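One structure below.
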Amino acid sequence: MSNTQTIPTISQHNPCISCGACCGYFRVSFYWAEADDAGGLVPASLTEQVNPYMRCMQGTNTKKPRCVNLRGEIGQNVMCSMYENRPSPCREFSQSWEFGEPNEACDRARAAYGLAPLAPPNAEEIASKIATGCHFPG
């Protein structure tokens, strides 16, 4: 399946498609065997060797990293040009509050680009109740 078919299926409420800060802040390192020349999915031509056991995505092993697969402007509208074949660090990286908890790494990457940390999904409801003087049960 191509990326053009994958991206539209992502929820329009997914803050990642208007962020991309993690792709432009961290080195994306992973075990060498995730690359396609070793039987994995990640195109080896888009990686560089870090050591005998690790590779990283091209563009992320610098002082100012930006993955070569990140398309668009960070904080505006972004996509990964190899989303279906991305390495494990990208698959496992969760946005803040995705699983009910903040992700300090997500918040740190966003802050580096002047983006506010993501709020919990019910933050507006909580703020509204506080502003109107409603009390929470308990």
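The condition of being open to solvent by less than 30 Å² (accessible area, probe 1.4 Å) and at positive phi does not hold for residue 40.
Take the conditions surrounded by fewer than 18 Cβ atoms within 10 Å (Cβ to Cβ) and either part of a loop (DSSP other than H, G, I, E, B) or modelled with pLDDT under 95 (or both) and apply them to residue 71. Does it pass?
Details: surrounded by fewer than 18 Cβ atoms within 10 Å (Cβ to Cβ): yes; either part of a loop (DSSP other than H, G, I, E, B) or modelled with pLDDT under 95 (or both): no.
Criteria not met by residue 71.
Return the residues of the stretch 74-124 that are within 23 Å of residue 43 (Cα to Cα) and either more than 12 Å from the chain's Cα centre (by Cα) or without any contact (Cβ under 8 Å) to a residue 12 or more places away in the chain (or both); say none if nothing qualifies. Matches in the stretch 74-124: 81, 82, 84, 85, 91, 92.
Going by the structure shown, is residue 61 modelled with pLDDT of 95 or more and either open to solvent by 70 Å² or more (accessible area, probe 1.4 Å) or touching a helix residue (DSSP H, G or I) at 6+ places or on another chain (Cβ under 9 Å) (or both)? Taking the combined requirement at face value, the residue does not satisfy it.
Identify all residues within the stretch 74-89 that are surrounded by fewer than 17 Cβ atoms within 10 Å (Cβ to Cβ) and in a loop (DSSP other than H, G, I, E, B); write none if there are none. Give the derivation first.
Filtering the stretch 74-89 down to residues surrounded by fewer than 17 Cβ atoms within 10 Å (Cβ to Cβ) leaves 75-77, 81, 83-84, 88.
Passing the criteria: 75, 76, 81.
The values are calculated or read from the model by the stated rules, or taken from the named source; none is laboratory data. Because the structure is predicted, anything quoted here is derived from the model rather than measured. Every residue, glycine as well, gets a Cβ built from its backbone with ideal geometry; the counts of neighbours run over all protein chains shown. Keep in mind that these areas ignore ligands, DNA and RNA; they rest on the heavy atoms of the full protein, side chains included. Shrake-Rupley method; radii C 1.70, N 1.55, O 1.52, S 1.80 Å.
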